[in-house]
Amino acid sequence: MLFRSRLASVMGQESLFIYIAHLVIVYGSVVNQGLAQSVGPTLNIANSAGVFLAILAGIMVVTMFWHKLKTDYSSVASIALGGSALLFLFEFVRRPW
């Protein structure tokens, strides 16, 4: 019971992170191709549910890791965030649109 309330609390605190992560996974970005491009509307209900559960579990694990990193190692989290932003901007400028 304690784990579920802690998980819900962290998920609530990191809701913007979760929102952005799901957009990058599902729709892609300048650094990756999303599931919408690679899988598209080809899955049946059971496969879609499986993909949903896999994405949900993955995002929960990554969110818990990110929250732990932010709270215990804030300088490392800041460097990771800055590096991710620089990578995104570099790839955005580099690609011919």
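Accessible area per residue of the chain at 1.4 Å probe, in Å²?
75
Could you give the distance between the Cα centres of region 81-95 and region 19-44, to the whole Å?
About 18 Å separates the Cα centre of region 81-95 from the one of region 19-44.
Are there any chymotrypsin sites (Phe, Trp or Tyr not before Pro) in region 26-89 that are in a DSSP loop and have at most 12 other Cβ atoms within 10 Å? List them by number.
Passing both the DSSP loop test and the Cβ count: Tyr73.
Assign unit charges at the C-beta atoms only (+1 for Lys and Arg, -1 for Asp and Glu), then state the dipole size of the chain relative to its Cα centre in Debye, rounded to the nearest 20. Intermediate results must be reported in sequence, preceding the final value.
Details: 6 positive and 3 negative charges, 14 e Å.
Dipole size: approximately 60 debye.
Can you classify the chain as rounded, prolate or oblate using the Cα gyration tensor, where a ≥ b ≥ c are the square roots of its eigenvalues, rounded means a/c under 1.5, and otherwise it's prolate if a/b beats b/c and oblate if not?
Numbers: a/c = 3.34, a/b = 1.06, b/c = 3.16.
Taking the square roots of the gyration eigenvalues as a ≥ b ≥ c, the chain is oblate.
The values are calculated or read from the model by the stated rules, or taken from the named source; none is laboratory data. Keep in mind that this is a model prediction, so the values were computed, not measured. A quick note on method: Cβ atoms are made from the backbone with ideal geometry, for glycine too, and the neighbour counts reach across all protein chains shown. Side chains are part of the model used for accessible areas, which takes the heavy atoms of the whole protein and leaves out ligands, DNA and RNA. Shrake-Rupley method; radii C 1.70, N 1.55, O 1.52, S 1.80 Å.
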